[in-house]
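Quick note: the coordinates plus some simple rules give every number you see, no bench work behind them. Keep in mind that this is a model prediction, so the values were computed, not measured. Methodologically, a virtual Cβ is constructed for each residue, glycine included, from the backbone with ideal geometry; neighbour enumeration extends over all protein chains shown.
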Amino acid sequence: MTGPQRAFLLSSLFKSNLTDIESYVRTIAVDFGLSEAERIVQTENIIRIFNDGIKNLNNNQFDNILNKVKETGFDEASIRKKLDFYGIDEEYHQNILRFFDDSFLADRPIDVDNLEMDFRGVQVATRDNFNTIINNGYTGDWDLQPNNIDPRRIQIASMNENGPYPRGCYINADIDRIDPILQPDGSLRYRIFITNPLIVNTGKRNVKFIAQPVRYM
């Protein structure tokens, strides 16, 4: 599990009011590319880090430090002073500091084509719901050249600011077929039918997109 992924989970726990934390963490961690054994270990780690870390801040304290980190960067000495001022026991400092350091890393800008450096195929950027795409079995319709897609793989990057799959999440899938779809204006676009979809949550939120939603990679 990467730092940005860890920060995403801990932040989600802090903002929620859950009774079954373990089930929630295991469910979210499915999208982190972990094996079942790794998810069990990481779930235990996340719960421990949460309980011995940011859980001991109130909402105002949490937001105050997080906003400062976003504005000026991660400054351990400055955050320690705030924690002392807030009366937070020193035994919780290290896990709190680690969270805000991970959050700072998660907010670093990243170009959408760098979400997965080894991916090859076609990448599309969308605000469509990932669950709808997977349930329908396709994405589109897209203005692209099917013959330019080699290998026949697709990466669908989320452009959403919020929701279960915000920026930093993507679907990798095999392309089953590509159907031409005539548009109302007479133009031709393409619907990409997918198989073996896998959702990945990088935890990175500051994803930069270009005007063209389709890239051949």
Treat every Asp and Glu Cβ in the chain as -1 and every Lys and Arg Cβ as +1, leave all other atoms uncharged, and give the resulting dipole magnitude about the Cα centre to the nearest 20 debye.
300 debye
With label points built 7 Å along Cα→Cβ from the Cα atoms of Glu161 and Asn64, find their separation and express it in nm.
2.6 nm
Could you give the length gained on full extension between Phe85 and Thr27, defined as 0.36 nm per residue of separation minus the Cα-Cα distance, in nm?
17.3 nm
In degrees, nearest ten, helix 93-106 long axis to first principal axis of the chain (Cα):
20 degrees
Mean Cβ neighbour count within 10 Å, used as a protection proxy, ranking 42-51, 143-152 highest first
42-51, 143-152
Can you quote the Å³ per residue value for the convex hull of the Cα atoms in the stretch 110-216, rounded to an integer?
103 Å³
Taking every pair of Cα atoms in the stretch 3-106, average 1/r, invert it to obtain the Kirkwood radius, and report Rg/Rh to two decimals.
0.97
Expressed as an acute angle from 0 to 90° and rounded to the nearest 10, what is the orientation of the C-alpha long axis of helix 36-51 relative to the principal long axis of the chain?
40 degrees
By the Kirkwood definition, with r running over pairs of different Cα atoms, the stretch 17-74 has a hydrodynamic radius in Å of 13.1 Å
Between 0 and 90 degrees, rounded to the nearest ten: what's the tilt of helix 76-86 against the longest Cα principal axis of the chain?
60 degrees
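Using only Cα atoms, what is the ratio of the radius of gyration of the stretch 1-44 to 2.2 N^0.38 Å?
Relative to the rule-of-thumb radius for its length, the stretch 1-44 sits at 1.06.
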Which value, in Å³ per residue, describes the convex hull spanned by the Cα atoms of the chain?
139 Å³
